[in-house]
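Single-structure report; data block below.
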Amino acid sequence: MRTLHKAAKDKMAASTPRLAEECVGRVVLPGDVLLLPAHPEEDGERLRLTPSGPQKGRMICGPGLRRGGEGLLATKCGLLRYRGPSGQPGGVIGSGSGGTYWVDSQQKRYVPVKGDHVIGIVTTKAGDIFKLDVGGSEQASLSYLAFEGATKRNRPNVQVGDLIYGQFIVANKDMEPEMVCIDSSGRANGMGIIGQDGFLIKVSLGLVRKLLAPGCEIIQDLGQLYPFELVLGMNGRIWMKARTVQQTLIVANILEACEHMTPEQRKQAVARLSGS
């Protein structure tokens, strides 16, 4: 084990550093060293947090990357992406105006993150706590009081096998993940028990992030085909429901195939279904 760890360190040390701005849209591998844009003397200032919030021009290190001695170190295999400080993809890269770098990978293994909204499956009921399978290495816990309007007398009707849409309030490697179905003001805000009908599928985490992006063309194309309900979990689970079982299965099949289709192929498939 020590030999393998030393070999991995040697490989990372031997990786030729490249400018991050030149690698945007290209494949990066674990161990690749990416140098930050110009003005390296200001990197420490851009990455420092202040009591009033992030400073102007702050460079954010997203998923799949971590800070290294010379810049950013890739920890996942995928495409390097960049988003400008205004929140829009692209923008002026390397101008020192900040932004976010991350690796867009097609992984299916989910690691709980605090604040993520996920879909869990109730596996057991232990006293006042429900245990949920969220697709991670460990089950998450959910208190019966973590529902809107729940009290000791008014308990939610949660059964084993139910689907729960909630968010993590505790998620780290040293503690058991904990979920709630209310926001900071005590409102459900769309969270809670998902209806009995519908269909649940498992997709990659990259596809879920793509569907959650503002103005997603996939959702717009499917909306022209059938009216349907959709619940997206950051753990790669998608629940959907259309008017009929046949329409639900069609939407599910298109969503699963979208990951490996070009926009032209997707539009052609939707056009064929709408014409039939």
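The values are calculated or read from the model by the stated rules, or taken from the named source; none is laboratory data. Please read all numbers here as calculations on a predicted model, not as lab measurements. Note: ideal-geometry Cβ built from the backbone for every residue, glycine included; neighbour counts use all protein chains shown. Just the protein is used for accessible areas: all its heavy atoms, side chains included, with ligands, DNA and RNA removed. Shrake-Rupley method; radii C 1.70, N 1.55, O 1.52, S 1.80 Å.
For T123, the residues whose amide H sits under 5 Å from its own are K131, L132, D133, G161, ignoring neighbours fewer than 5 places away on the same chain, with H placed 1.01 Å from N.
Computed from backbone phi with θ = phi - 60° and the Karplus coefficients 6.51, -1.76 and 1.60, the 3J(HN,Hα) list for the range 100-105 is 10, 10, 7, 9, 8, 10 Hz; x is used for glycine and proline. With respect to the cross-link table entries K202/K241; K131/K173; K173/K210, which display a Cα-Cα separation exceeding 20 Å? Exceeds cut-off: K173/K210. Each residue of the range 172-178 was assigned a 3J(HN,Hα) from its phi angle through the Karplus expression (A = 6.51, B = -1.76, C = 1.60, θ = phi - 60°), giving 8, 5, 9, 9, 6, x, 10 Hz with x at Gly and Pro.
What is the log10 of I(q)/I(0) for the range 173-219, computed with the Debye formula using one identical point scatterer on each Cα and no solvent, at q = 0.14 Å⁻¹? Results for the range 173-219 at q = 0.14 Å⁻¹ read -0.64.
When a/c is below 1.5 the answer is rounded, else prolate if a/b is larger than b/c, else oblate, so apply that to the range 202-276 with a ≥ b ≥ c taken from the square roots of the Cα gyration tensor eigenvalues.
Since a/c reaches 1.5 but b/c is at least a/b, the shape of the range 202-276 is classed as oblate.
Looking at the P(r) of the range 78-199, how many percent of alpha-carbon pairs lie beyond 26 Å? Pairs farther apart than 26 Å: 36 percent. Using the Karplus curve 6.51 cos²θ - 1.76 cosθ + 1.60 with θ = phi - 60°, what ³J(HN,Hα) values do you get for each residue of the range 164-170, in whole Hz, with x for Gly and Pro? Rounded to whole hertz, the list is 10, 9, x, 10, 7, 10, 9. Estimated at the nearest 10 Å², the accessible area of D174 is 130 Å² with a 1.4 Å probe.
If R0 is taken as 35 Å, the Cβ-Cβ distance between K173 and R209 corresponds to a FRET efficiency of 0.95. Under 5 Å from the amide H of Y144 lie the amide H atoms of F130, each residue being 5 or more positions distant or on a separate chain, with H modelled from the backbone and absent for Pro and chain starts.
Between T262 and L230, what FRET efficiency follows from the Cβ-Cβ distance if R0 is 30 Å, with the result rounded to 0.05? Each step should come with its number before you reach the end.
On the way: r = 22 Å, r/R0 = 0.73.
The computed FRET efficiency comes out at 0.85.
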